[in-house]
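Worksheet: one structure, shown below.
We did not get these values from a lab; they are worked out from the coordinates using the rules stated. Predicted model only: the values in this text are computed from it and were never measured. When we count neighbours, we look across all protein chains shown, and the Cβ atoms used for this are built from the backbone with ideal geometry, even at glycine.
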Amino acid sequence: MSKLKEGWKKFLTLNGASMFVAMVVIIILFEIVMQLTKTTSGLVFMTPGNLLGILRQQAYIGIIAFGLTLVMITGNIDLSVGSMLTMLCCVCAKFMMSTDNGFLGFFGTIAIGAVCGLLNGVLVSHVKLNSFITTLGTSSIFTALALKISAGTVLVIPNDCSPFFQFMGTAALGPIHILIIWLVIVAVVLGLLLSRTVFGQQLYSIGSNPVAARFSGIKSKRNICISYVITGACCGLAAAVMMANALSSNPQNASGKEMEIILCVVLGGVSVTGGKGSVWGTIIGVMFYGVLSAGFTQLNLSIYLQWVIMGAIMVAALSMDVLKEKGVRLWKKK
Amino acid sequence: MKKLTKILALVMAVAMMLALASCGGSSSSGSSAAESGGSDLSGKTIGYVTITSTAPWGGLVGTEFERIAKEKGATVRVLDAQTDVAKIAEYCQQMIDAGVDALAIFGGDPNANAEIAKAADEAGVPMFMCALDVAEPGRQYVKACVGPDQEQMCYDIAQYIIEANGADSGMKVVQISGVPFLDDYIQREAGFARAMTETNYNVLEADYAYSSRTDAKTFMENHITAEGDTIDIVMGYDDDLTMGAVAAIDEAGLTGSIKVYSLTGQNDAIQAVADGKMELTVMNRAGDIAEETVNAIIEYLSTGSTEYYHYTPLTFIDKDNVQDYIGKGEF
């Protein structure tokens, strides 16, 4: 029993643990409400199919959120991810419409994403511009480029385009959709990069204490720049798989997504001031957000009610994490 | 290295300014009558304020308006409020202060637009509404409203649905909409809701996918998970979003059992009607609205008057006439 208690305590100290508990509670709550309101028999929300579906729906946001985790751990931010995603979707659609070369469409988009990330990285790390303002500025550049590339209209990739390209966004391994596989691959690669490599540890040092990191001989500029390049490449991958799946883009395709992505990262326990967080925590953040969104739609709540409840849950969940960090015990033993 | 850094910073600052200008700021383009060959608007400066230039259909109204007005010899100034309704008034005032010869507005809040219309009228600037009417108090100040009646359009689509499925068949309807605070979507939903009061249909709350087909698909997947095969109808308020729902229905193997109705008339939606994946799309051509707005401006500037309502045609495309329209959408 004491071992179980100890294990529970240890679990709660983990990054994003309280969010995980909150997510499980919310999944159960959704199931109860649906059982009470729906006429169908059996489980509705807690089915593996639904949970896998949510994970698949969150793949695009998740892939970018994992990259952004690296940037935010260094104490910086990237507000351009939404418009970068939009622009890269337009680039990918344009590649496919003009060449029908799946290889170019897929990997070319990732490469251009990395270049966009490099632009942000150089400006923030080498030119030493404030990351908030810089990425807000580059966000406008990417929006303008998306508009230019798409000529302000819908870009539709033909249904009979390269099978390789379509495979990358629509294939499935049994019940596991390829989008989930992409999500897992990126999570594992970046998770290991962050937790098991010198580079990863250096990112934490830069975020915790940039001055100390510099005096310790850590190449802060290079590492920050690389974290932005990785985020850009993640945007490229998300754009490529999104296009492979949806076969359509427009210049407002993902506008506003940056807030969702940042929210997922913060919900996962990444500190906005840097130095704290993990990719594993971000996975929880991404899933938590996905569960809420899917649950609200499935319960057929009005958009306004959704916003209110979503906001309240977010504030409550984040407050719990902050209080825990400050050592405040929510429930005192009698 | 420091020098390089400074140069890089300078280059980036300039690039950002240029991008900001092209994205959120104004674009001014003029062409002389000699260059364009047109003469109807020669020497005139026309202001165009849009709620968005990046939404595909709304953006196309703007690009077509600019192109046609330029062809007629006008200088066109465009300001994009980037979905910020409050900015419409600010930008219109800028246009009025700049002394444009006529002002066209696409989108925004009909009540706020009424105030702008009054200000424009007092300044002697004739104002024209594209695709969206102004609120009642402002109509005396607006010279013309061009486009389909958005509310009536969706009322008519609903009537089409009722005719096809019966008013008392208790259909369960999923609604996929765009931006919750944009008035054209509000009016479309209102028109649909007005017709639905005459039925016993179970109309679910609208989902707002903004401009994301992927999000629309996600919404539809979630409805299919929760409601299963009890969904009968999907009403989409924009073809691009509706196509996301069509993809979700297709993947769930429910094509045919869920009937999909939409509007805009974009090419892949027309193809979906031909393929039996959609029942109806209504072609609402952005180019028609743009052209008719320019015509209304020309008529007003040359004669001093024009009709208030300039209705643009709507084409209902279903299985009976779809072959005539394949590939004939604007995008």
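Okay, here's what the table says:
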quantity	calculated
Taking A:Ser216, A:Ser150 and counting other C-beta atoms within 10 Å, the order from fewest to most	A:Ser216, A:Ser150
3J(HN,Hα) from dihedral phi, the stretch A:243-257, Karplus parametrisation 6.51/-1.76/1.60, rounded to Hz, x for glycine, proline	5, 5, 8, 8, 6, 7, 9, 8, x, 10, 3, 10, 5, x, 5
Where N is the number of residues in the stretch B:235-331, Cα Rg divided by 2.2 N^0.38 Å	1.34
Alpha-carbon radius of gyration plus Dmax, which is the widest Cα pair, for chain A in Å	20.6, 70
Förster-model FRET efficiency, 22 Å R0, A:Ile133 and A:Asn209, C-beta, rounded to 0.05	0.45
Global form of chain B, assessed from the alpha-carbon gyration tensor, a/c cut-off 1.5	prolate
Calculated from backbone phi, Karplus (6.51, -1.76, 1.60) coupling profile of the stretch B:200-214 in Hz, x at Gly/Pro	10, 5, 9, 8, 6, 4, 5, 9, 10, 9, 6, 10, 9, 5, 4
Residues with amide H under 5 Å from that of B:Ala144, placed H, sequence gap 5 or more	B:Met129
Protection-proxy order for peptides B:270-281, B:159-170, A:223-234, each taking the mean of Cβ atoms within 10 Å per residue, highest first	A:223-234, B:270-281, B:159-170
Approximate spin-label separation A:Met310-B:Lys328, in nm, with each point projected 7 Å along Cα-to-Cβ	4.0
Theoretical FRET efficiency, 1/(1+(r/R0)^6), r = Cβ-Cβ of A:Leu52 and B:Asp168, R0 45 Å, to 0.05	0.70
Two-decimal Rg/Rh across the stretch B:150-283, once Rg and the Kirkwood Rh are taken from alpha-carbon atoms	0.92
Pairs of Cα atoms farther than 17 Å apart, the stretch A:23-79, %	56
Estimated vicinal HN-Hα couplings, Hz - the stretch A:153-168 in sequence order (Karplus 6.51, -1.76, 1.60; Gly, Pro = x)	10, 7, 9, 10, 7, x, 4, 9, 6, 2, x, 4, 5, 5, 4, 5
Ranking of A:Ser139, A:Ser195, A:Ser248 by count of other Cβ atoms within 10 Å, fewest first	A:Ser195, A:Ser248, A:Ser139
Selected from A:Leu85, A:Leu119, A:Leu173 as most flexible by GNM, with chain A as the system and alpha-carbon contacts under 10 Å	A:Leu173
Cβ-based exposure ranking for B:Arg139, B:Arg77, in which fewest neighbours within 10 Å come first	B:Arg139, B:Arg77
Placed amide H near B:Lys259: partners under 5 Å, 5+ positions off or other chain	B:Ile233, B:Val234
Reference-scaled alpha-carbon Rg (2.2 N^0.38 Å with N residues) for the protein assembly as shown	1.01
Per-selection metrics, the stretch A:77-125 (Cα): Rg and Dmax in Å	11.9, 37
